[in-house]
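Worksheet: one structure, shown below.
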Amino acid sequence: MLALVYLYRDVLLFRTFGIMKYTRANLKKLEELCSLLGYKVRYEQGHFQSGYCRVESRKILVVNKFFDVEGRVNCLIDLIPELPTDEKALDEGQLKFYKQVIRFEKEKIPELLES
């Protein structure tokens with residue numbers, strides 16, 4: 001269960017998201033999705049401010065190798081919505097998983113800010 005704590009009009013709000021658990025199996029699914037989108041995921045040492053780096057010209061996603069499974073999953077969830085995607089190339093199961101990741105990214109911004 002993912003959670004988000006944020007401050008809105010001086011009130012501390014807590015919101016949970018049931019997208020996925022931080023497991024190696026889900027990390028593997030995210031890595032496979034990146035591969036299907038044409039990107040290779042590499043885990044290397046580096047001084048990335050956000051914990052990851054995207055090399056555009058070579059279609060490589062570099063994630064800090066010292067991150068645990070939770071950190072790696074979070075990095076890939078942040079990166080996947082930014083990648084150019086041809087949804088027609090994904091099969092039904094992969095497309096459903098891709099849309100879960102996209103939906104999670106959109107839900108990070110609370111609906112309360114819209115009002």
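The values are calculated or read from the model by the stated rules, or taken from the named source; none is laboratory data. Here the structure is a predicted model, which is why all the values come from computation and not from measurement. We place every Cβ from the backbone using ideal geometry, glycine too, and count neighbours over all the protein chains shown.
Among the residues that make up region 26-49, is at least one of them among the β-branched types (V, I, T) and modelled with pLDDT under 70? No, there is no match, as no residue in region 26-49 is among the β-branched types (V, I, T) and modelled with pLDDT under 70. Here I19 does not fit the description of being in contact with an Asp or Glu (Cβ under 9 Å, 6 or more places away or on another chain), at pLDDT 90 or above, surrounded by 14 or more Cβ atoms within 10 Å (Cβ to Cβ) and not in a strand (DSSP E or B).
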